[in-house]
Structures are given as C-alpha cells and as structure tokens.
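S.K.: Have a look at the structure that comes next, please.
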Amino acid sequence: MKKEILTGLGIVSVVLALSATMQGCSSKGVNESNPKEMYDDANQDINNDRYLLALDKLRIIKSKFSYSNYGALAQLRIGDVYFLQESFPESASAYETFVELYPKNEKAPYALFRSGEAYFNDIPTTTQRDMKSAESAISTFTNYLKKYPDGEFVEKAKEYKKKAYNKLAEKEMEIAQFYIRRKKTDAAKLRLQKILDQYGESDTAARAKEMIQHLPYE
C-alpha cells in the first residue's frame, strides 16, 4: 500500500511538473494583424529562451508585413535567434537575406558583420575538416570592411578575418608537412607557396617562408 501511495505521488509530481513546463512555454494569444504586438511578443519569447515560438511569430510578420519596418526587423531577429541557438549556417543565411532585401536599412552593417561572425563561429576546431566556413567568413568580413571602413565593428571584423586566415593557413601547413614526411618536397612547396600567396596576413606565413627556403627540390 505504501509503495502504491508513493507511486501515485510520483505520477502526480510528474503531471504537475509537465503542467508547469507547458505554462512556462506557452505564449498569450496575439493579434496577427498587429505586427508591433507580434514583434514585441516574439522578443519576449526570445528573452525567455522560447526560440521556436519566437521564430513562428517572426516568420508570420515577415510573410504578412514584408514591406514594413517590422518585416525587416523580423528578418533580422530570425538571424539573431538562429545565432542564439548556435545554428550558425542558418543564422548567416538569414542575415544575408536581410542585407539583400534591405541594403539601405540602418541595420544592414550589423547584419553583414553578424553574417561573417556566424560563419566564423561555424569554423571547425580541427583543420582536418572542411574549411568552407572560414572562406565565407573572410569573404564576408572583407565585404564589410570595404563597405563600412569606419563602421562600428571594424576592429572585430579585422580580428575575426585574421583568425580565419590563420585557420586556412594552418590547414595548408598540415598538408605541406604531410608531403614533407613522404619526401614529396615539390608538392610541399606548392602548399607553402599558397600560404605566402593567399594567406600572407596569417601568423603561419613567416614559418612557411622559412620552410620553403630550406626544402630541397625533388
């Protein structure tokens, strides 16, 4: 009997916990014909980590009010939500869409920089994996620095760009060392020269220059 009571209490506790969770995750009904109300409510969801609910509302705003200021803000916040979720490819894409649709918007510099930052955060920690994100980050930051040389995020863009260059140079250095271990010095020199030609701003460039001078020809 005692065991049955305890089991019953456990079930009740679970039900109450689930009920509380559902209430915490629910959002009050909003007027979908009022973009400001929906946008404010979506931001409230974001502040409470209810990202899926926020995305649903932001997509409705973007769809129904795409030519309004709230349509633009919704597109931007979609990028922010994906960024917070660490869904960096989706975040970069959302920011790029914002820049493409609203190039004159005052938030365009922010969106362009954040697109590069999303690509940067998506760079693998190991250079043995695909470095496409590093290339995209460099391209995006280069574009930002060209468009907004006095922009708010110039120093950060330069810092991230250099780090991305370093990642690509490190990958080429690993390949060069692979060829050196196999006595394929000509192939190694091609990789080292690539570092000097394409990633001369990287910390690895000085090392590559020294190595290439001391490698014999096959």
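The values are calculated or read from the model by the stated rules, or taken from the named source; none is laboratory data. The structure presented is a predicted model; accordingly, all values stated were derived computationally and were not measured. With ideal geometry, Cβ positions are generated from the backbone for all residues, glycine too; neighbour counts draw on all protein chains shown.
S.K.: So in segment 74-94, with the set limited to residues that are in a loop (DSSP other than H, G, I, E, B) and in contact (Cβ under 8 Å) with a residue 12 or more places away in the chain, which one is farthest from ASN47 (Cα to Cα)?
M.R.: Looking at residues that are in a loop (DSSP other than H, G, I, E, B) and in contact (Cβ under 8 Å) with a residue 12 or more places away in the chain, I get GLU86.
S.K.: Now a separate question. What's the number of the only condition in (1) part of a helix (DSSP H, G or I); (2) within 19 Å of LYS163 (Cα to Cα) that TYR179 fails to meet?
M.R.: (2)
S.K.: Does segment 169-190 contain any residue that is farther than 21 Å from ASN121 by Cα and of a type in the set (S, T, N, Q)?
M.R.: yes
S.K.: Taking the condition of being among the β-branched types (Val, Ile, Thr) and modelled with pLDDT of 80 or more, how many residues in segment 1-60 meet it?
M.R.: Residues that pass the stated criteria total 2.
S.K.: Which of the residues that make up segment 187-202 are within 30 Å of the chain's Cα centre (by Cα) and either at pLDDT 90 or above or farther than 16 Å from GLN177 by Cβ (or both)?
M.R.: ARG191, LEU192, LYS194, ILE195, LEU196, ASP197, GLN198, GLY200, GLU201
S.K.: Quick check: anything in segment 100-108 surrounded by fewer than 23 Cβ atoms within 10 Å (Cβ to Cβ), under 29 Å from ILE195 (Cα atoms) and modelled with pLDDT of 95 or more? Show your work before the answer.
M.R.: As a first pass, look at segment 100-108 and keep what is surrounded by fewer than 23 Cβ atoms within 10 Å (Cβ to Cβ): 100-108.
Next, only the ones that are under 29 Å from ILE195 (Cα atoms) stay: none.
Within segment 100-108 (the criterion being surrounded by fewer than 23 Cβ atoms within 10 Å (Cβ to Cβ), under 29 Å from ILE195 (Cα atoms) and modelled with pLDDT of 95 or more), the answer is no, since none of the residues qualifies.
S.K.: Could you give every pair whose Cβ atoms fall below 7 Å, whose first residue belongs to segment 177-192 and is exposed (fewer than 15 other Cβ atoms within 10 Å of the Cβ), and whose second residue is among the acidic types (Asp, Glu), counting only separations of at least 6 or pairs across chains?
M.R.: ASP186/GLU218
S.K.: Please give the number of the condition ASN69 fails out of (1) buried (at least 16 other Cβ atoms within 10 Å of the Cβ); (2) free of Cβ contacts under 8 Å to residues at least 12 places away in the same chain.
M.R.: Unmet condition: (1).
S.K.: If I ask for residues that are more than 17 Å from the chain's Cα centre (by Cα), surrounded by fewer than 16 Cβ atoms within 10 Å (Cβ to Cβ) and part of a helix (DSSP H, G or I), which ones from segment 143-159 would you list?
M.R.: Selection gives LYS146, LYS147, GLU155.
S.K.: Mind listing whichever residues of segment 146-184 are hydroxyl-bearing (Ser, Thr, Tyr) and either farther than 12 Å from TYR199 by Cβ or not assigned by TED's automatic domain parsing to the domain that holds ILE123 (or both)?
M.R.: Once the filter is applied, which keeps residues that are hydroxyl-bearing (Ser, Thr, Tyr) and either farther than 12 Å from TYR199 by Cβ or not assigned by TED's automatic domain parsing to the domain that holds ILE123 (or both), segment 146-184 yields TYR148, TYR160, TYR179.
S.K.: Among THR126, THR140, THR97, which is polar (S, T, N, Q), more than 19 Å from LYS194 (Cβ to Cβ) and part of a loop (DSSP other than H, G, I, E, B)?
M.R.: After applying the criteria, what remains is THR126.
S.K.: Next question. Take the residues in segment 109-133 that are closer than 15 Å to LEU145 by Cα and touching a residue at least 40 places away in the same chain (Cβ under 8 Å); name whichever of them is surrounded by the fewest Cβ atoms within 10 Å (Cβ to Cβ).
M.R.: Just the residues of segment 109-133 that are closer than 15 Å to LEU145 by Cα, to begin with: 109-117.
The next check asks that each one be touching a residue at least 40 places away in the same chain (Cβ under 8 Å); those that pass are 109-110, 113, 116-117.
Details: PRO109: 17, TYR110: 21, PHE113: 24, GLY116: 28, GLU117: 23.
Restricting to residues being closer than 15 Å to LEU145 by Cα and touching a residue at least 40 places away in the same chain (Cβ under 8 Å), the top hit is PRO109.
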